[in-house]
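Note sheet for the following structure.
What follows draws every value from the coordinates through simple rules; no lab data is involved. All figures in this text were calculated on a predicted structure; none of them were measured in a lab.
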Amino acid sequence: MSVPLRYGSIFLLQVIGACLLSTSGAAQQPQMPRMPAPPPLRLVSRSERSQLDEARDAKARLHATITLAEDHLTHAESFTGLKKFDEASAEVGSYLGLIGDLRDYISKLNHDKTSTRDLCRHFEWDVRLHIPRLAVMRRDTPAAYSLYIKDAEEFIKDTRAEALDSFYGHSVLREPAPAKTPAPVEPSKAPAAAGSKDSPQTKHP
């Protein structure tokens with residue numbers, strides 16, 4: 001009985017050794033770098049488009065768009081915390097689609113009107129608050145997805161700058177350039193006044 005038991009122990013040790021060798025070999029194999037995830041689609045859903053079209057005026061459309069966009073941004077933050085980066089990326093795409101749609105809508109308005117300038121001011125204030133939220137998401141997102149979060153940050157920064165230009169470009173009065181003062185003329189180089197008497201040092205023949 002001891003001989004079969006000994007052979008069984010040897011066989012078991014061989015199996016364990018083979019498993020360890022295969023595991024170490026797999027660990028030594030170089031891992032292929034992970035390709036970047038596909039970029040998020042910037043789109044506005046049909047139901048959201050219907051809500052925006054029902055806005056009674058530009059101010060109501062701004063409010064509706066920002067509300068929908070912030071909902072997507074909040075969902076993206078939640079999915080990022082749960083490590084569901086595909087879902088978070090999709091939410092970021094919907095967020096950017098709404099912000100881009102509002103940006104195009106405002107660009108077609110009459111920017112000489114005070115109401116449009118006020119709209120740009122509110123738009124800038126709303127999106128300004130989104131930039132630090134995107135930065136936090138990017139720090140918690142793998143490199144395969146974080147580059148698109150960085151793109152979203154830059155897009156919002158450009159959107160904010162455009163809104164500021166539309167507002168301040170019509171409301172800021174630029175001061176005129178100061179007039180140049182003539183350089184003082186030295187007394188020795190000043191031309192003699194007409195009818196002035198000769199200097200006592202002047203000699204005449």
Any chance you could check the Cα centroid distance between the stretch 44-75 and the stretch 111-127 for me, in angstrom? 17 Å
Cα-based Lys proximity count in the stretch 30-170, under 22 Å, for pairs eight or more positions apart or on separate chains: 6
Hey, could you pull the Cα Rg and Dmax for the stretch 46-171, both in Å? 15.0, 46
